[in-house]
1. Output the number of the condition that Glu216 fails; it satisfies all remaining conditions of (1) among the acidic types (Asp, Glu); (2) under 17 Å from the mean Cα position of the chain (by Cα); (3) open to solvent by 50 Å² or more (accessible area, probe 1.4 Å).
2. Here is a list: Arg262, Arg285. Which entry is open to solvent by 20 Å² or more (accessible area, probe 1.4 Å) and either among the small types (Gly, Ala, Ser) or closer than 16 Å to Asp70 by Cα (or both)?
3. Identify all residues within the stretch 221-254 that are open to solvent by less than 10 Å² (accessible area, probe 1.4 Å), touching a Leu at 6+ places or on another chain (Cβ under 6 Å) and among the small types (Gly, Ala, Ser); write none if there are none.
4. Which residues, taken from the stretch 249-263, are in contact with a strand residue (DSSP E or B) (Cβ under 6 Å, 6 or more places away or on another chain) and over 26 Å from Asn166 (Cα atoms)?
5. Tell me whether the stretch 91-110 contains one or more residues that are at positive phi and in contact (Cβ under 8 Å) with a residue 24 or more places away in the chain.
6. Can you confirm whether the stretch 178-191 contains a residue that is open to solvent by 50 Å² or more (accessible area, probe 1.4 Å) and under 20 Å from the mean Cα position of the chain (by Cα)?
7. Would it be correct to say that Val211 is touching a Lys or Arg at 6+ places or on another chain (Cβ under 6 Å), under 30 Å from Gly121 (Cβ atoms), of a type in the set (A, V, I, L, M, F, W, C) and buried (at least 18 other Cβ atoms within 10 Å of the Cβ)?
8. Of all the residues that make up the stretch 298-318, how many are surrounded by fewer than 16 Cβ atoms within 10 Å (Cβ to Cβ), in contact with a strand residue (DSSP E or B) (Cβ under 9 Å, 6 or more places away or on another chain) and either more than 15 Å from Tyr234 (Cα to Cα) or without any contact (Cβ under 8 Å) to a residue 40 or more places away in the chain (or both)?
Amino acid sequence: MLIKVRSASQASENEVTPRGLFLSRRSIIAGGIAGGAALALGGTGGLPGPALAAPFQAPLTVSPKDPKMDAQTPMKSATSYNNFYEFGTDKTDPSENAGTLRTRPWEIAVDGDVGKPTTFGIEDLLSFPLEERVYRLRCVEGWSMVIPWVGFPLAELLKRVDPTGNAKYVAFQTLADRSQMPGLKYPVLQWPYVEGLRMDEAMHPLTILAVGMYGETMPNQNGAPVRLVVPWKYGFKSIKSIIRITLTQDQPPTSWNRSQPREYGFYSNVNPEVDHPRWSQATERRVGEFSRRKTLPFNGYGEEVASLYAGMDLRKNY
């Protein structure tokens, strides 16, 4: 088994659900099929699937125990308090409405400045060696969580399409299907939802594509079947239900920057010194707690990622 040495900024094993550290790829696939069947029968496919505790079939990277930990957010909170405007703007709307999302079959087209444009099916994505990563999640609205994600580094997928020397950025696109996503009828944003990263951010080992959480298949309301997780940026950068990834020479548009450019910059790194016009970023409230805590620069991952922005004015490049 591979072992990854953890830095003090990362969350630890005691945040991981006791339902099991290992994830079964076959069980995830079966869970997706079962979810589709539940939808066909009028069930709530957006609810978390059964626990997946069977041993994983390929190397699984884990981290040694670290005493400097945050408490894991209860799964019930993490799956019922969400922003996913394609299913409504209230925090409970995604968990109530996302059962309409069909996650099988699913494909992600990867194209643009690449030598090998490829369309990956969900089974292809599940064939990557999966890891459990316990990351802090910080919303620009001032609340935060600690979530055990299951996924693999985005870099591993990008390497398979052979990026060209022209690839400077990576653009992402969410599914936009009115028959499945009732929130699309409201012009809250320009649909489809799009996001982007600089190439070095996308290739950073902390950046993952997640296919599960809490040892289970990804709930629809949290971005099933596959979402991005970039733990040092505000949560809206971690785009959900991805259907396209495009490598490009030009900085891509992002949904919230396109909607409110003075409020949402392209980088959107967690920065306690740069407030949003409506929310102070100096402190945050961990979901499930009453008191507020100080916000950590880069959400506590500065040791790993601050070098990406050496020499940049992080107030200007917010």
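1. Checking Glu216 against (1) among the acidic types (Asp, Glu); (2) under 17 Å from the mean Cα position of the chain (by Cα); (3) open to solvent by 50 Å² or more (accessible area, probe 1.4 Å), the one that fails is (3).
2. Arg285
3. Ser238, Ser241
4. Correct list: empty.
5. Checking the stretch 91-110: not a single residue is at positive phi and in contact (Cβ under 8 Å) with a residue 24 or more places away in the chain.
6. yes
7. No, not satisfied.
8. Number satisfying all stated conditions: 1.
The values are calculated or read from the model by the stated rules, or taken from the named source; none is laboratory data. Owing to the predicted nature of the structure, the values given are computational and were not obtained by experimental measurement. Every residue, glycine among them, receives a Cβ derived from its backbone with ideal geometry; neighbour counts consider all protein chains shown. Just so you know, the surface numbers come from the protein's heavy atoms only, side chains and all, with ligands and any DNA or RNA stripped out. Shrake-Rupley method; radii C 1.70, N 1.55, O 1.52, S 1.80 Å.
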